[in-house]
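Note sheet for the following structure.
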Amino acid sequence: MSVELSIQNLTAGYGAQIVLRNLSLDVESGTLTALIGPNGHGKSTLLRAISGLVTIAAGQILLAGTRIDRYRPDAIVARGIVHVPQGDLLFPDMTVLENLRMGSYLPAAARLERQRLEEVFTLLPKLRDRQQQTASTLSGGERRMVGIGRGLMTSGRILMLDEPSLGLAPIIIDQIYEVVDTLRRSGRTVILVEENAVRAADIADEIHLLDHGGIAWGGTGAELSGRPELLETYLGA
Amino acid sequence: MDVSLQILASGLTLGAMYAISTAGLALVFGAMKMLNMSHGAILALGGYLSYFALTGLGLPAPVGITFAVLVCAAVGVVIYHIVARPMLQSDNFETRIFIATIGVGVILESIILEAFGPQPKPQPVSVPGSLMWGGVYLPYQNLMILGVAVLIMAALGFALQKTRIGRAIRATAQNRDAAQLMGVRIGGVYALVLAISGGLAAVSGITISSLSSLLPNMGADPMLKAFIICVVAGLGSVPGSVIAALFIGVFEAVVQYIFGVRFSFALLLILVILVLIWRPHGVFGRVQGVRL
Ligand SMILES: Nc1ncnc2c1ncn2[C@@H]1O[C@H](COP(=O)(O)OP(=O)(O)OP(=O)(O)O)[C@@H](O)[C@H]1O
Ligand SMILES: [Mg+2]
């Protein structure tokens, strides 16, 4: 296995407020890496820095050995890093289908649009019946599925999912996790931000605990299960 | 009967002119939360450029109009790069760009004043003749303005709904971050909407001055009306602003006929206040976000 995404000594934040301090993290190709950690400690900011929405102050981000940290967000997507953001960020006045089709906006993805659409509908069958519904009228679970489906329409090799289970009923969470599992088995590299450490430990190849803008601990799910004091200290679980 | 049709006809012409200038303002606000206060000055610039091309350079009307539209579109792009882009990331972009574009408007108006002087100038673009139809007097000039407005609105609507770049504009308007995550280069979208808006301002400046005359500050009134129409429609709603523009044009024509010109603006403002009491976010607006 090889390191696909490498984050080295990353410092980033919003204006004068520094959120990530000197953070380093390697993600290996074809693995599922979970990021856990308390609220407001920079998990989403890390994903936003990777996808170029947050300008970094220091450090570097390498994709397969190439520096991408000065690229615009559209150039980063074009290189195959897909970010399904926290809170879905759908296009509210577009239909489900239009939202999905925005995922294949870039030419490389547009060529495969029909095929991808079929794949998304197979993976998330509910969306097939909802194609013509306006996004702003969807339920929370449906919205999440559109957000994930829209991400899958892109030509991404690396998929970053920010809290895909947030605010959903357990039965919907199970469905979402089935999808995540399918994606992982399809050989993609997945970076998953998850509140629920038990869920994360269950599915991830590697888990990293993000605290105060740095990686406080890293290991496998099994290792995390053997360290209950970690969860207690950092997550109050 | 004849009178009411006559009022309707002139109201629709007025509304069509409002629609052209308002659509540009709404497009820019919808896509980038930028209230372009220099819109009126760009509109005047468009009118003067057409005058300059036709009267000064002796160019044929289609060439002169195209020239004015292209230059005003370029002015929009320049405003993006020099004024808007440096402050896009700042916290109070909406306030800053509002104030900055007032400055841009003053600069443009001063340039016009310096170049063409304060005296009114005639707009050479005109279609002579008229038509009597069912007792209604319809100058070809007005019919042309209506036709141009319908064409432009249809083209704009089609482009926004059906083309790839139109989808990018709508996506940017509805969620800037998400649009970027889909691969939309929003800098390009912003430059483009300002260019379209500049071109539309030129068309509106030419049509408005063809019915009256050119004055350096001729953009102030249409700009104010465009702003009022945007607020009534709900800021950023392009189809909504077109409907509101037509409605307000007819409203103004009716009020002018019944109460006289001096009441039209006061009654327009009363109408706006009533609409905003009824729907605080505009007729087509929503509590959050904007429509495009
Ligand atoms: N756009 C922004 N402008 C300023 N500060 C921000 C912005 N977005 C996030 N922050 C701040 O950055 C810090 C880290 O936020 P971030 O969203 O990365 O946390 P998180 O770990 O994802 O939290 P959660 O688990 O609640 O999603 C927080 O203090 C937050 O208030
Ligand atoms: Mg978060």
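Considering Cα pairs under 8 angstrom that are at least six residues apart, work out the relative contact order of chain A and quote it in whole percent.
27 percent
Listed highest first by mean packing, meaning other Cβ atoms within 10 Å per residue, what order do A:37-45, B:93-101 come in?
Final packing ranking: A:37-45, B:93-101.
What residues have an amide H closer than 5 Å to that of A:Glu28, excluding those fewer than 5 places away on the same chain, when H is modeled at 1.01 Å from N in the peptide plane?
Here A:Glu4 satisfy the definition.
Could you give each residue of region B:32-48 its phi-based ³J(HN,Hα) in whole Hz, using Karplus coefficients 6.51, -1.76, 1.60 with θ = phi - 60°, and x for Gly or Pro?
Listing the rounded values in order: 9, 6, 10, 8, 7, 6, 8, 4, x, 5, 5, 4, 5, 4, x, x, 5 Hz.
Which ordering of A:Thr66, A:Thr11, A:Thr154 is given by a fewest-first count of other beta-carbon atoms within 10 Å? Working shown, then result.
Details: A:Thr66 9, A:Thr11 17, A:Thr154 27.
Fewest to most other Cβ atoms nearby, the residues stand as A:Thr66, A:Thr11, A:Thr154.
Which net charge results when you count Lys and Arg as +1 and Asp and Glu as -1 among the other residues whose beta-carbon is under 14 Å from that of A:Ala222? Before the final figure, lay out the partial values.
Details: positive: A:Arg227; negative: A:Asp202, A:Asp205, A:Glu206, A:Glu223.
Counting the neighbours of A:Ala222, the net charge comes to -3.
Exposure proxy check: A:Ile191, A:Ile56, B:Ile273, B:Ile42 ranked by fewest other beta carbons within 10 Å? Mind dumping the intermediate values first?
Values: A:Ile191 24, A:Ile56 18, B:Ile273 10, B:Ile42 33.
By the 10 Å Cβ count, ascending: B:Ile273, A:Ile56, A:Ile191, B:Ile42.
Working from Cα positions, state the angle (0 to 90°, nearest 10) between the long axis of helix A:140-152 and the longest principal axis of chain A.
The two axes meet at around 90 degrees.
So who's got an amide H within less than 5 Å of the one on A:Thr11, skipping anything under 5 residues away but keeping other chains? H placed 1.01 Å off N, in plane.
So A:Thr11 has HN proximity to A:Asn22, A:Leu23, A:Ala57, A:Ala58, A:Gly59.
Which residues among region B:1-29 fall inside the zone where the amide N is under 18 Å from a point 7 Å beyond the Cα of B:Tyr257, along Cα→Cβ?
Answer for region B:1-29: B:1-17.
Compute the distance from the alpha-carbon center of region B:150-179 to that of region A:123-201, in whole Å.
If we compute the Cα centre of each part, the gap is 27 Å.
Summing Lys, Arg as +1 and Asp, Glu as -1, what charge do residues with Cβ under 13 Å from the Cβ of A:Ala75 carry, A:Ala75 excluded?
Charge balance near A:Ala75 sits at +3.
Only Cα pairs under 8 Å and at least 6 apart count here; give the relative contact order of chain B as a rounded whole percent.
38 percent
Roughly what % of DSSP beta bridges within the protein assembly as shown run antiparallel, to the nearest 5?
Bridges in the protein assembly as shown are about 60 percent antiparallel.
Among the aspartates and glutamates, which fall within straight-line cross-link reach of A:Lys126, defined as a Cα-Cα distance under 15 Å, with same-chain neighbours fewer than 8 residues apart omitted?
A:Glu118, A:Glu142, A:Asp174, A:Glu178
Just to check I understand the Karplus step: with θ = phi - 60° and J = 6.51 cos²θ - 1.76 cosθ + 1.60, what whole-Hz values come out for region B:174-190, glycine and proline as x?
Result, ordered by residue: 7, 6, 4, 4, 4, 4, 5, 5, 8, x, 6, 8, 5, x, x, 4, 5 Hz.
Could you please report the charge total around B:Met34, scoring K, R as +1 and D, E as -1 over all other residues with beta-carbon less than 14 angstrom from its beta-carbon?
Charge balance in the 14 Å sphere: +3.
Please order B:Ser130, B:Ser38 by the number of other Cβ within 10 Å, starting at the fewest.
On the way: B:Ser130 13, B:Ser38 26.
Lowest to highest Cβ neighbour count: B:Ser130, B:Ser38.
At a Förster radius of 41 Å, what calculated FRET efficiency corresponds to the Cβ-Cβ distance of B:Leu151 and A:Lys126, to the nearest 0.05? Mind showing how you got there, number by number?
Details: r = 42 Å, r/R0 = 1.02.
With a Förster radius of 41 Å, E is 0.45.
Through the Karplus equation 6.51 cos²θ - 1.76 cosθ + 1.60, θ set to phi - 60°, convert the phi angles of region B:156-167 into ³J(HN,Hα) values in whole Hz; use x for Gly and Pro.
5, x, 4, 4, 5, 7, 10, 9, 5, 5, x, 4
For Cα pairs less than 8 Å apart in space and 6+ apart in sequence, what is the mean separation divided by the residue count of region A:126-237, i.e. the relative contact order in percent?
18 percent
Using amide H atoms built in the peptide plane, which far-off residues or other-chain residues are under 5 Å from A:His83 H to H?
A:Met160
Bear in mind that the values in this text are calculations on the coordinates, not laboratory data. As the structure is a prediction and not an experimental result, all values here were calculated from the model. FYI the Cβ positions are ideal-geometry reconstructions off the backbone, even for glycines, and counts take in every protein chain you see.
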